[in-house]
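Peer 1: Got a structure for you, questions after.
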């Protein structure tokens, strides 16, 4: 996950593939206003809400984007690595963005922060930067759609396999004590879905089922799901 | 939900606020290649997958955008009404879009369909159209984020209350005919969650429960949840 072995970017120009299409004036503006800042592992870089931190360009390190519920639960939306750009920390520059995302540094992270109004100013003039921004947004929306499909109905088999391995590790035994109801609650799905998938795993010889117990028979095959 | 009482758009120009910033040539291209098509209520306009139906501009009527799971379940993402533009039926024009959305007509709907390659061609030249497209995407992404937050952790009690009131209004009676399974499916949650919340509502004197029926006893209190 660390990027220490990769040569770090020397300027935000390296993170914007259409850089050479910008005028010298536009390039100067972006370079001249971007400030460099280091965030230590675990620091909150941007807190959802109306503040406009600016556009984040990852020089080294790793960011996690997440949303938080009213009662403090979180879910991770996506990660940003070296050369990635975070648009939603500058949500103020796109009127139609009506959601709040928080960002934290998962490793020590060096960022360039471009003021939202400067980026917006250039984006309103440069068709290349506007189209690049479009791609950035589509990229993040694709991440979110994927996550939603995962949560809703994607590959329950893998999620269940991971869950069983984790429980086995937590309980320190291959004989997990649990119920289908409990698993369904933990995975945010219906009991019927869990029961069906467990039966399928059983038919594949991955597990054995008995009252209140699930025994892992083939850890390796389960891990490969 | 119908828009029959509103004067319908006379051309796609009316749906694109930055129209006047386009060159005559760009305008001609968009107008000349857009074809008008009527879809009857219930028709599938665009099926997720790699096909590129084109950009849809709603002249009259109503579209529903949804995603489908491998086993055939659906969830509605957002609705498009008169003057709205559907970008994701032309997903091929933005490389980073890696998800599939299906679209159906919820009412009889008149559309203009703009070929994706024509829209893309203009968008690559017009900074205004590129920025407008950015706003369109941010709008839809905001819809999806809202839905995800609803699904993940928004107060299930309020959603269920709203659902019951809506069903009562649709069925024209305070004695709703339904099952816990049906409600769970419609709300995208587990049956247990629904059963538990219904029992809570019952204990609060809001509803009465009997086999296959839910009777609303206190509409006002339900509405206030």
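The numbers here are math on the coordinates, done by the rules we state, and not lab data. Nothing here was measured: the structure is a model prediction, and the numbers come from that model. Ideal geometry is used to build each Cβ from the backbone, glycine not excepted, and the neighbour counts take in all protein chains shown.
Peer 1: Which of A:193, A:57, A:44 moves most in a GNM of chain A, Cα contacts under 10 Å?
Peer 2: Taking springs between Cα atoms under 10 Å, the residue moving most is A:193.
Peer 1: Right, here's the next one. Give the nm distances, rounded to one decimal, from residue A:223 to the matching residue in every other copy, measuring between label points 7 Å along Cα toward the beta carbon; shortest first.
Peer 2: Label point to label point, same position, other copies: 5.9 nm.
Peer 1: With just the Cα atoms of segment A:110-149, tell me how far they stretch along each of the three principal axes, in Å, largest first.
Peer 2: Principal extents (Cα only, largest first): 36, 28, 14 Å.
Peer 1: Between copies, how close do the residue B:135 label points come, placed 7 Å along Cα→Cβ, listed in nm from shortest?
Peer 2: In ascending order, 2.4 nm.
Peer 1: Another one. So what is the 222 nm mean residue ellipticity for the protein assembly as shown from helices alone, if each DSSP H run of at least 4 adds -39500 (n - 2.57) and you divide by all residues, rounding to the nearest 500 deg cm²/dmol?
Peer 2: -12000 deg cm²/dmol
Peer 1: For segment A:96-225, what is the Kirkwood estimate of the hydrodynamic radius, computed as the reciprocal of the mean inverse distance between distinct Cα atoms, to one decimal in Å?
Peer 2: 18.4 Å
Peer 1: Whole number please: convex hull volume per residue, Cα atoms of the protein assembly as shown, in Å³.
Peer 2: Cα convex hull per residue, to the nearest whole number: 181 Å³.
Peer 1: Considering the Cα trace of chain B, what is its radius of gyration and what is Dmax, both in angstroms?
Peer 2: 21.1, 67
Peer 1: Using a label point 7 Å beyond Cα on the Cα-Cβ vector, give me the inter-copy distances for residue A:43 in nanometres, one decimal, shortest first.
Peer 2: Shortest to longest, the spacings are 5.7 nm.
Peer 1: What is the spread of the Cα atoms of segment A:33-107 along each of their three principal axes, largest first, in whole Å?
Peer 2: On the principal axes, segment A:33-107 reaches 31, 26, 16 Å in Cα extent.
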